[in-house]
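Report on the following structure.
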Amino acid sequence: MLQAVRGTKDLLPDVINDWHYIEEIFRKVTKKFNYKELRTPIFEYTEVFSRGVGEGTDIVNKEMYTFQDKGENSLTLRPEMTASLVRAVIQNNLTAQETVARLWYFGPFFRYERPQKGRQRQFHQFGAECLSSANPESDVEILLLADNLIKELGIKDYKLLLNSLGNKSSILSYKKELTSFLKSEFENLSEDSKRRLDQNPLRVLDSKDEKDLKVTQNAPKLIDFLDEESKEHFKFVTNSLDHLNINYEINHKLVRGLDYYSHTVFEFQSNYLGSQDSFGGGGRYNELFEELGGKHTPAVGFAFGVERLLMILESQKLINKNNNNLDFYIVCFGKEYFSYVIEISTLLQKNGYSVNYDISRKSFKSQLKDSDKLKANFSVIIGENEVISNQFVVKNMISGEQMKIKLENFSKFVKF
RNA sequence: GAGCACGUAGUUCAAUCGGUAGAGCGCCAGUUUGUGGUUCUGGUUGUUGUGGGUUCAAGUCCCAUCGUGCUCCCCA
């Protein structure tokens, strides 16, 4: 049997309501903050991501869907949004007219990984980016927007982890120091971390391996390398969060896996997800625009994993499954009366009601059963008696009450 | 990319040591030939993921493959 590609899923009618619900909240919250949606192509020239996300990252090294098109261009299905978004902003000069651009997005992304709970090869992200301001006010705004979204969804029992990486020069000097420290402890590191040391030494910090945890206890701390300006920036952020009553936990080992971050980085974690416990994350990226050939544009943003959000909502039972009600079901027996079915259903549809009727010539009883199963609010009954008397039976399926209505009075009835 | 577990009816799950594939739910029909939901009665469903092997005999054991779950890696 033909089946969907490994790590991809069909979103069938029984879950699509959940998606509409959550998308509605994305729109509602971003609107309150005056963020504008943008959509970019699902693939880009590979360079956008190799330069944007960073050559040293796992995403670029082993997780991208990269292929050649017939014009022999190397193209890649987007593994994340920030690089695409920055490319689009530069190309369309979106920051020229406004001093600050506030943008949000929602859509599918692709990474070649081993599928697991909360991890697919095609997955969806919702995210927002605040462009052009280097000030911590924009970090706060982004965190506040994320917080609003989480609260609007009703998600509970989550943690916001926060850290500052400082500016590029403090990261570089820290990296140097950390690398030489880790090299001195090389033999005590896990196999994975020995490999990481060359590629991305910062990642050794958030390893779960016990051997690594032992070593990193005594490792130099990132916070000691921040210059005054970076410290002040971070202090502004934490002070504001305190003031806003947004709970957070400072974790000096939080570094995140993408090359472009500096200053504030953060991650949202939930206990409902199992091993893949982070359902959102983000941070500041001041250098990315220049990296992709644009003018200097400091920025900060976040992304949420939509499948993971839905998993949390489901385990918290925050999703109401039965919002699929039907307004009218038309029961008709006698195929010669089908024109009445169409006439009445058209009338109802014109007034905005949803209508179902039988097309498989089921028995009278089965049609009523159908009506019940589809949770129709009303059934309209059409049969010989009704046609002869020009009085159609309308049955309230909740109370069981019935009334007779003439065809020409239907529009009045329908408007209540 | 590495390790472990699992895959049986539409669905959730049984099937003892290798010995006739079964139940609940659902679905269909009937319960005075024009009235649903609740009862009651009857009926329906399978290439045991796929392909090979061992055996008198395989859902069960072995190999391969596809898929899923968990852990690592990584990330949302």
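Against the definition (acidic (Asp, Glu), more than 11 Å from RNA strand B (Cβ to nearest atom), closer than 23 Å to residue A:300 by Cβ and assigned to a helix (DSSP H, G or I)), how does residue A:242 come out, yes or no?
yes
Output the residue which, of all residues in the stretch A:219-240 that are more than 32 Å from the chain's Cα centre (by Cα) and free of Cβ contacts under 8 Å to residues at least 24 places away in the same chain, is nearest to residue A:183 (Cα to Cα).
Only one residue tops the list, namely A:224.
Within the stretch A:60-86, restricting attention to residues that are surrounded by 19 or more Cβ atoms within 10 Å (Cβ to Cβ) and of a type in the set (Ser, Thr, Tyr), which residue is farthest from RNA strand B (Cβ to nearest atom)?
Restricting to residues being surrounded by 19 or more Cβ atoms within 10 Å (Cβ to Cβ) and of a type in the set (Ser, Thr, Tyr), the top hit is A:76.
When the residues of the stretch A:289-304 are narrowed to those that are over 20 Å from residue A:35 (Cα atoms) and touching a Lys or Arg at 6+ places or on another chain (Cβ under 9 Å), which ends up least open to solvent (accessible area, probe 1.4 Å)?
So the residue we want is A:294.
Where residues in the stretch A:172-185 are among the hydrophobic types (A, V, I, L, M, F, W, C) and within 16 Å of RNA strand B (Cβ to nearest atom), which of them is farthest from residue A:262 (Cα to Cα)?
Here the residue is A:182.
Can you name the residue in the stretch A:116-143 that is more than 16 Å from RNA strand B (Cβ to nearest atom) and outside any helix (DSSP H, G or I) and, of all such residues, is most open to solvent (accessible area, probe 1.4 Å)?
A:135
Would you mind finding the one in A:357, A:340, A:329, A:353 that is over 24 Å from residue A:17 (Cα atoms) and either crowded, with 19+ Cβ neighbours inside 10 Å or touching a helix residue (DSSP H, G or I) at 6+ places or on another chain (Cβ under 8 Å) (or both)?
From the options A:357, A:340, A:329, A:353, the qualifying one is A:340.
Out of curiosity, is residue A:265 within 20 Å of residue A:53 (Cα to Cα), open to solvent by less than 10 Å² (accessible area, probe 1.4 Å) and near RNA strand B (Cβ under 9 Å from one of its atoms)?
no
Within the stretch A:37-46, can one find any residue that is within 16 Å of RNA strand B (Cβ to nearest atom) and surrounded by 18 or more Cβ atoms within 10 Å (Cβ to Cβ)?
no
Within the stretch A:372-380, does at least one residue satisfy the condition of being more than 13 Å from RNA strand B (Cβ to nearest atom), of a type in the set (A, V, I, L, M) and touching a residue at least 12 places away in the same chain (Cβ under 8 Å)?
Within the stretch A:372-380, not a single residue is more than 13 Å from RNA strand B (Cβ to nearest atom), of a type in the set (A, V, I, L, M) and touching a residue at least 12 places away in the same chain (Cβ under 8 Å).
Checking the conditions here, which among A:30, A:40 is β-branched (Val, Ile, Thr), outside any helix (DSSP H, G or I), closer than 30 Å to residue A:152 by Cα and in the same structural domain as residue A:149 (by TED's automatic domain parsing)?
Residue meeting the stated conditions: A:40.
In the stretch A:15-46, which residue that is among the acidic types (Asp, Glu) and touching a residue at least 12 places away in the same chain (Cβ under 8 Å) is farthest from residue A:69 (Cα to Cα)?
Applying the filter and picking the extreme gives A:18.
Every residue in the stretch A:381-412 that is within 6 Å of RNA strand B (Cβ to nearest atom), touching a helix residue (DSSP H, G or I) at 6+ places or on another chain (Cβ under 9 Å) and in a helix (DSSP H, G or I), please.
Answer for the stretch A:381-412, where residues must be within 6 Å of RNA strand B (Cβ to nearest atom), touching a helix residue (DSSP H, G or I) at 6+ places or on another chain (Cβ under 9 Å) and in a helix (DSSP H, G or I): A:384, A:386.
Please work out which one of (1) over 23 Å from residue A:310 (Cα atoms); (2) modelled with pLDDT of 95 or more; (3) open to solvent by less than 20 Å² (accessible area, probe 1.4 Å) is the condition residue A:57 fails and give its number.
It is condition (2) that residue A:57 fails.
The values are calculated or read from the model by the stated rules, or taken from the named source; none is laboratory data. Here the structure is a predicted model, which means the values were calculated and not measured. Note that we place each Cβ from the backbone using ideal geometry, even for glycine, and neighbour counts take in every protein chain shown. Quick note on the areas: whole protein, heavy atoms, side chains included, nothing else; ligands and nucleic acids left out. Shrake-Rupley method; radii C 1.70, N 1.55, O 1.52, S 1.80 Å.
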